[in-house]
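Worksheet: the structure to be examined is printed underneath.
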Amino acid sequence: MLSYKAPIRDLRFLFNEVLNYPKHYGELDSGKNADPETVNMILEGFGDFAENVLSPLYQTGDQQGCTYKDGKVTTPDGFKEAYEQFVAGGWQGISYPDEYGGMGLPMSLNLAKSEMMGSANWAWAMYPGLTIGSVNTILQYGTAEQKTTYLPKLVSGEWSGTMCLTEAGCGTDLNQMKTSATPKGDGSYLINGTKIFISAGEHDLTDNIVHIVLARLPDAPAGTKGISLFIVPKFLVNDDGSLGERNGVNCGSIEHKMGINASATCVLNFDDAVGFLIGEPNKGLKAMFTYMNTARIGTGMQGLSHMDLAYQNSLPYAKERRSMRALSGTKEPNHPADAIIHHADVRRLLLTQKAFLEGARSMVYHTARYADKLSEAVIKGDQQAIEHWDDKMGFFTPVLKGFLTELSIESVKNAQQIFGGHGYIKEWGMEQIARDARISTLYEGTTGVQALDLLGRKVLLQSRGKVVRDYTAGIMKWCGDYALDKNMRKYVWALTKLCAEWNALTLRLGITARRKNKDIISSACDDYLMYSGYIMMAYHWARMAAVAFDKMKNGGNEPHEFYLAKTQTAEFYFAKILPRTQGLAESMTAPSEVMTDMAIENFIID
């Protein structure tokens, strides 16, 4: 049976000692009430809910799954009761304005809640998780009336929300989207079409579901320039805020999936469903990216969550499972064999998990500071600040989504290796985490899509490499501060060389794409994404090591052993993981012709 323990100590370490959240919160209007005591109370309060309410439902929810009958979806036993406790606790509204019933606290606290919720039970977490994007989209683009109509119930959690983008044959390529929106003449529209892969599109947890739907107006330009965004509620809302008649949106079926079986993935049919335009006509894709960026950071959080659950359960197993004697000599003479944690190769598996997990957590909460700034700009309606912080956060989004989810697959695989044959058996839970984690590299854009977004759009097209130059300049400045620190010298030197190489590779790929062959962007982008991610994570491990060395010398909030483990994990990351960048650098600069020269007819299955 899987168990989960909220990582309160590690979150406090990042918030208070590495990322200096107290100073950050002091710069935010929403941070005035986010003092360390309040933050700690929220972390511990939701940690208790995640440990004792959500975690016990994880495996049973997978075994039971969702059921579909006559257009209705029933979630597994215990899910509805857990959701009612979630709503009663006011957890959905942590980071939303008090005028809509929220607590008005920074968005980063909502992400901490999302981490614990997802680590304990990712399938359950998807129901309230999808609502976050709906709230963010309506906050930024909705009219005053739309905000008044929908936000109080969404913020409270009494209603939930979804994103309806994908259609059969039309996933990432939205040029092919066919769903239509016809004006009724009264300011509303009739939405017709079918959307697939809609997470939490139908369920029994809330009274209403507010769908955010992409569709085309009759006179819309062709392609992505002709897409608009609409609010389409499951039940129409009366003027007094009560629920009205059932709208023309129905669940046609739910998908039978590899994992996250307790999360309903729906086919939704829109048959003359009444919708309401949100944002400007034909500019829905820009508004949808508000939702997509929220979802992509959330999916990066999914990678972190699966890493955490796998590590938390493989570590105690490695300490208890005994097999053979350690090559360096007997470690547990009172037992017939030594615990497998004494074997160096098992240590490699565990340290890789630990390095990925804690490095990922630092990367997520670093980016969360930009999310705080962006959220505050949205609430104030400051368009210039919105664009600034959205651009800042946008550089990290494909890395968090693509890199961290790929690492989660490796991390869970390592956990299965530690369990050996038991890693393949349902009762131990590793195979469920492996199945659940696999989707994270696929939805909200595959890893390849994230890689193209990073290299092709964010790095080369939008900034001509400036975004990388700016980011590495920040790393170099930090390295300068620690250049004479004997404990940090090897980390500073490694990062300095990699920053120079990262910029050189970016320039080389950009020149090749402009002068010779644009295919280099597609052929190199996956390697470039992973290469970028490993360097970003190395920087975060160096920062954590610097803090840990200081705290071991001068005293900190945690025991000496906690900080020592940080420095030792940082050393492992730089020695055993970071060298992967060299193979990726060589691979990304290989001629694209090795992929493109083969004729289609020569791809043969005998």
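Laboratory data are not the source of any read-out in this text; all were calculated from the coordinates shown. All of these numbers come straight from a predicted model, not from anything done at the bench. Quick reminder, even Gly has a Cβ in these numbers, built from the backbone with ideal geometry, and neighbours come from all protein chains shown.
Using C-alpha pairs below 8 Å separated by at least 6 residues, the relative contact order for segment 100-258 is 18 percent.
How fast does segment 132-221 diffuse by Stokes-Einstein, in µm²/s, taking the Kirkwood radius from C-alpha pairs at 10 °C and 1.306 mPa s? Rounded, D is 110 µm²/s.
Spatially, segment 1-37 and segment 559-589 are offset by 25 Å when compared through their Cα centroids.
In terms of surrounding Cβ atoms within a 10 Å radius of their Cβ, Ile604, Ile520 rank from fewest to most as Ile604, Ile520. Per-residue packing, averaged as other Cβ atoms within 10 Å, sorts the ranges 237-249, 146-158 into the order 146-158, 237-249, beginning with the highest.
Helix 404-419 and the longest principal axis of the C-alpha atoms of the chain enclose an angle of approximately 60°. Radius of gyration (Cα atoms) of the chain, expressed as a multiple of 2.2 N^0.38 Å: 0.97. For Tyr96, the residues 5 or more places off, or on other chains, whose built amide H falls under 5 Å of its own are Met103, Gly104, Leu105. Leaving out same-chain residues fewer than 8 places away, which aspartates and glutamates sit with a Cα under 14 Å from that of Lys373? Cα-Cα hits under 14 Å: Glu27, Asp29, Asp382, Glu387, Asp390, Asp391. Helix 122-141 versus the longest principal axis of the chain: what is the Cα-based angle in degrees, 0 to 90, to the nearest 10? The answer is roughly 60 degrees. Cross-link partners of Lys518 among lysines, defined as those whose alpha carbon lies under 16 angstrom from its own and excluding same-chain residues fewer than eight positions apart: Lys458. Take the residue pairs Lys225/Lys392; Lys32/Lys380; Lys69/Lys257; Lys147/Lys234 and return only those whose Cα atoms are more than 20 Å apart. Checking Cα-Cα distances, Lys225/Lys392 exceed 20 Å. Residues Lys113, Lys178 in ascending order of nearby Cβ atoms (within 10 Å, fewest first): Lys178, Lys113. Using only Cα atoms, tell me the angle between helix 144-156 and the longest principal axis of the chain; keep it within 0 to 90° and round to the nearest 10. The angle comes out at about 50 degrees.
What does the C-alpha gyration tensor say about the overall shape of segment 14-167? Classify as rounded when a/c is under 1.5, otherwise prolate if a/b is larger than b/c, or oblate. It is oblate, given that a/c is not under 1.5 and a/b is not larger than b/c. Over segment 450-592, the alpha carbon radius of gyration divided by the compact-protein estimate 2.2 N^0.38 Å works out to 1.18.
Rg and Dmax of segment 170-256, both derived from C-alpha coordinates alone, stand at 14.2, 40 Å. In summary, the convex hull built on the alpha carbon positions of segment 536-606 has an orientation-averaged projected area of 8.0 nm².
Computed on the Cα trace of segment 287-448, the radius of gyration divided by the Kirkwood hydrodynamic radius gives Rg/Rh = 1.14.
Between the C-alpha center of segment 151-188 and that of segment 480-553 there is a gap of 39 Å. Among Thr162, Thr589, Thr447, sorting on how many other beta-carbon atoms sit within 10 Å of each Cβ, with the fewest leading, yields Thr589, Thr447, Thr162.
Is the shape of segment 415-460 best called rounded, prolate or oblate, per the rule: a/c under 1.5 gives rounded, else a/b larger than b/c gives prolate, else oblate, with a ≥ b ≥ c the square roots of the Cα gyration tensor eigenvalues? Prolate, since a/c reaches 1.5 and a/b exceeds b/c. In this structure, the amide hydrogen of Leu217, modeled 1.01 Å from its nitrogen in the peptide plane, lies closer than 5 angstrom to those of Ala181, Ser228, counting only residues at least 5 positions away or on a different chain. Shape analysis of segment 1-105 places it in the oblate category; the axes a ≥ b ≥ c from the Cα gyration tensor give an a/c of at least 1.5, with a/b not above b/c. Mean sequence separation of contacting Cα pairs (under 8 Å, at least six apart), scaled by the length of the chain, corresponds to a relative contact order of 12 percent. Centre-to-centre, using Cα atoms only, segment 245-269 and segment 283-353 are separated by 32 Å.
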